[in-house]
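First comes the structure, then the notes that go with it.
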Amino acid sequence: MSPGTATRALFWPVALAGLLVPALLCDLRIPDEPRVAHTSEEMFRTGDLVLPAVNGKPFLQTPPFHHWILGAWLWAFGTEPDGMARVPSVLFSAGTLVLTALIARKHLRGRTELQAFLAAAILAGTIGFWDAGQRAVVDTSLAFFTTLGFYHLAAVLVDGDVSARRGAWL
């Protein structure tokens, strides 16, 4: 294994650990994180999975999908430590990094695996991405699904792949 390959192979676990470990060690930051975690928890506790609510009042600023994922996570794995509410965001961020590398490797003509790795590494190194990836907020799921949609759109437009599987994502 060449040094460059070893570096790229080491990047993925280091990036995941770099997002996950600090996320688990800190309390939830106000005002957003406790509200998102509480809303998600309340959706599963009350069984009302359609309408997010805060203190019994509808909370319509964000779509419910992230709350479903976070609520299911908290229901399955518990709420202690507080950082557990951040794990879905960390996983969405890791998925966004993987999709970024896949997009760069497949759709940037003449690019090598090294450039695909660098695209993901540059994204992982930005302050905004790193910060959002460690917070229990809707932004990470939005970034993931936007990137996933772009990945499939590029496959249709660039490769001409119009299979039913691709169409379902669009």
For mean projected area of the Cα convex hull in nm², with candidates (1) 18.0; (2) 11.8; (3) 9.6, the value calculated from the shown model is option (2)
Residue-normalised accessible area of the chain, given per residue in Å² at a 1.4 Å probe
57
Here, trypsin sites (Lys or Arg not before Pro) of region 71-163 satisfying both criteria (DSSP loop; at most 16 other Cβ within 10 Å) are R109, R111
Other-chain or far-sequence residues with amide H under 5 Å of V54's (modelled H):
F59
Assigned charges on the beta-carbon of Lys, Arg, Asp, Glu; the chain dipole about Cα centre (debye):
580
Is it possible to state the helix-based mean residue ellipticity at 222 nm for the chain, with each DSSP H run of 4+ residues giving -39500 (n - 2.57), the sum divided by total residues, to the nearest 500 deg cm²/dmol? What is it?
-22500 deg cm²/dmol
Solvent-accessible area, 1.4 Å probe, carbon plus sulfur percent, for region 58-153
70
Computed FRET efficiency, Cβ-Cβ of L153 and T112, R0 35 Å: what is it to the nearest 0.05?
0.90
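The values are calculated or read from the model by the stated rules, or taken from the named source; none is laboratory data. A quick note: this is a predicted structure, and the numbers were derived from the prediction, not measured. For neighbour counting, all protein chains shown are included, and Cβ atoms are generated from backbone atoms with ideal geometry for every residue, glycine included. When the accessible area is computed, the model is the full protein with side chains, heavy atoms only, and any ligands, DNA or RNA have been set aside. Shrake-Rupley method; radii C 1.70, N 1.55, O 1.52, S 1.80 Å.
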